[in-house]
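Reading through the structure tokens given below for one structure.
The values are calculated or read from the model by the stated rules, or taken from the named source; none is laboratory data. No experiment lies behind these values; they were computed from the predicted model shown. Glycine also receives a Cβ, built like all others from the backbone with ideal geometry; neighbour counts cover every protein chain displayed. Calculation scope for accessible area: heavy atoms of the full protein, side chains included, ligands and nucleic acids excluded. Shrake-Rupley method; radii C 1.70, N 1.55, O 1.52, S 1.80 Å.
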Amino acid sequence: MVRQTERVIDLRSDTVTQPTPAMRRAMAEAEVGDDVLGEDPTVQRLETLAAERVGKEAALFVPSGIMANLVSLITLTGRHDEVILGSESHIYTSEVGGLGFFGGVFLHVLPNEPDGTIALERLGRAIRDSVYTPRTRVISLENTHNRCSGAVLPMSYIQQVAELAKAHGVRLHLDGARLFNAAVALGVPAAQIAAPFDVVNFCFSKGLCAPVGSIVCGSAEFIREARRTRRMLGGGMRQAGVLAAACIVALEQMVDRLIEDHENARRLAEGLANIPGIAIDPTRIQTNIVIFELAPEAGWTPIALQAQLKQQGVLLSLSGERLRAVTHYGITHRDIDTALRIIERVMKRG
């Protein structure tokens, strides 16, 4: 049992954030209409604002990040086409094979490097257009890269992949669930990261703290077709302005503060590196995701340590055979220091 006298420090994900007071007010006061009929003014405002933020012509509001990826990639491909993506990508590891099931699209999986990239030479060799194989239609990148400790893809790498894709007539998609974390870490506008991509989607319900929602951004022509795909997947919402209002607040008020989450993540990583039995390189932590391993001599398995920490009021998630902590709105420097003390105390019992 968690001790009732102490605050629970929930580091499982930045999806556990609660909407801010400003979001709750905006939701309560939102002007709404039927968005499936194109009549919700708050959704329209959000879509315009989001498209402007990433430098695209148009945008489409969808319920979730998984649906954003589905809408993007199904619209970019046809049945029996393929998408090249990384072995650690969220689409491959965490989206239940939906792209193959709903879109009839093959996933051509290449190994991710520890920094979230896919080797350029591998990408070049993997592109196919033969009578014997599925045709490569899209290369999909993830930025920041969740399972690679929130790694940020370098702008130089993105440009090289874009040039490769263009040379082969292949479209470029960005799963930018945490796009604004990448922008803050690099110190550049989100539009600069998004510029080489044909289609970009990002989430409002992670570090930006909105309760629900993601968005797909691209050309006006693409978004018109993507609206049909969203309808097919059951993603049309009616008076969705109630949700969109919180997402507008997220874009206008919650982006700049992401640097606080990055600072807390580095503070956590540096503290973990000083605890015997924990293996982590703090210099790899660029944004708000901290993934660490346990040394064989630690005396703990990840599952056992996760369970024991939960009893002590610190919640972590599993990432394969590793443990993951994600900093977010509502987590303070004091919370990080408290979590480190608890983790160190528990590790000594191993």
For region 58-110, which semi-axes, largest first and in whole Å, follow from the square roots of 5 times the eigenvalues of its Cα gyration tensor?
17, 14, 10
Cα-only radius of gyration and Dmax that characterise region 147-190, units Å
11.7, 31
One can check that the equivalent ellipsoid of the chain, built from the alpha-carbon gyration tensor with semi-axes equal to the square roots of five times its eigenvalues, has lengths in Å, largest first, of 34, 26, 17
Longest principal axis of the chain (C-alpha) makes with the long axis of helix 333-347 (C-alpha) an angle, in degrees to the nearest 10, of 60 degrees
What residue among Ser156, Ser214, Ser13 has the largest mean-square fluctuation in a Gaussian network model of the chain, using Cα springs under 10 Å?
Ser156
Please turn the phi angles of region 95-105 into ³J(HN,Hα) values with the Karplus equation 6.51 cos²θ - 1.76 cosθ + 1.60 (θ = phi - 60°), one per residue in order, whole Hz, x for glycine and proline.
10, 6, x, x, 5, x, 5, 7, x, x, 9
Using a simple spin-label model with points 7 Å from Cα along the Cα→Cβ vector, what separation in nm is obtained for Thr338 and Ile259?
2.6 nm
Once you wrap a convex hull around the alpha carbon atoms of region 193-338, what is its projected area averaged over all directions, in nm²?
11.7 nm²
Quick one: in region 136-227, what % of C-alpha pairs are over 18 Å apart?
45 percent
Using bins 10 angstrom wide from zero, how does P(r) for region 1-144 break down, in % of all Cα pairs?
9, 27, 29, 21, 11, 2, 0
Once Glu225 and Glu270 are pulled to full extension, the length gained, defined as 0.36 nm per residue separation minus their Cα-Cα distance, is 11.5 nm
Of every hundred units of 1.4 Å-probe accessible area on region 172-273, the number belonging to carbon and sulfur atoms, as a percent, is 46 percent
Sorted by chain and then number, the residues having a modelled amide H within less than 5 Å of the amide H of Met237, at least 5 places away or on another chain, are Val36
Label-point gap, in nm, between Arg128 and Val36 - each point 7 angstrom along Cα→Cβ:
3.9 nm
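Using only the C-alpha atoms of region 207-271, find the volume of their convex hull and express it per residue in Å³.
131 Å³
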Computing the accessible area with a 1.4 Å probe over protein heavy atoms, can you report the carbon and sulfur percentage for region 46-162?
53 percent
Please go through region 113-163 and write out the trypsin sites (Lys or Arg not before Pro) that DSSP classes as loop and that have at most 16 other C-beta atoms within 10 Å.
Arg128
By accessible area (1.4 Å), largest first, Ile66, Ile343 order as Ile66, Ile343
Cα centroids of region 102-135 and region 265-289: how far apart, whole angstrom?
32 Å
With every protein chain left in place, what is the accessible area per residue of the chain in square angstrom, probe 1.4 Å?
44 Å²
What's the angle, to the nearest 10 degrees (0 to 90), between helix 155-167's Cα axis and the longest principal axis of the chain?
30 degrees
Can you tell me the convex hull volume per residue for region 283-350, based on C-alpha atoms, in Å³ to the nearest whole number?
99 Å³
Label Arg79 and Asp281 with points 7 Å out from Cα along Cα→Cβ: what is the distance between them in nm?
4.6 nm
